[in-house]
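Asks: Provided herewith is a single structure, encoded as structure tokens, for subsequent inquiry.
A short reminder: the numbers here are calculations on the coordinates, not readings from a lab. This structure is a prediction, so every number in the text was calculated from the model and none was measured. Neighbour counts run over all protein chains shown; Cβ positions are idealised from the backbone, glycine included.
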Amino acid sequence: MYGVVEIAGHQYKVQAGDVLDVEKLANEAGTTVEFENVLFVGGETPAVGFPTVNGAKVTAKVIKHDRSRKIIVFKRKPGMYKRKNGHRQHYTSLLITEVNDGSGNVQKIEADSKNAKKFLK
């Protein structure tokens, strides 16, 4: 089972056990976050939301806050000016622990999976 969830204005396809990098969230590392803006749930019985699926939610654990790699922006006009800027976007890493479709079906992360052993201690 998978779901399409809206997080910070962006849509992501998620399954239990996935690690996502999303725009920076205000939650602290190690806390659990629930997202209720589930737009679609796929699997044996797919459910399409109008605009969201009633009762569906995605639970995730905040792993860390970090900054992405640096992007260099170089502007130049011959004879006029040169400008070199850099940018590093802040992001939050999430481990998806549970996908609930709202009708009683729940997919949880497997305890023996690689990401569960690494991030859930």
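Asks: Quick check on this structure: which one of A56, A26 is surrounded by 16 or more Cβ atoms within 10 Å (Cβ to Cβ) and either at negative phi or in contact with a His (Cβ under 6 Å, 6 or more places away or on another chain) (or both)?
Replies: It is A56.
Asks: From the residues in the stretch 48-69 that are free of Cβ contacts under 8 Å to residues at least 12 places away in the same chain and of a type outside the set (A, V, I, L, M), which one is nearest to A116 (Cα to Cα)?
Replies: Looking at the filtered set, the residue picked out is G49.
Asks: Pull out all pairs, ordered by first then second residue, where Cβ-Cβ is under 6 Å, the residues are six or more apart or on different chains, the first lies in the stretch 13-36 and is touching a residue at least 40 places away in the same chain (Cβ under 8 Å), and the second is assigned to a loop (DSSP other than H, G, I, E, B) and surrounded by 15 or more Cβ atoms within 10 Å (Cβ to Cβ).
Replies: A16/I109; G17/I109; V33/N27
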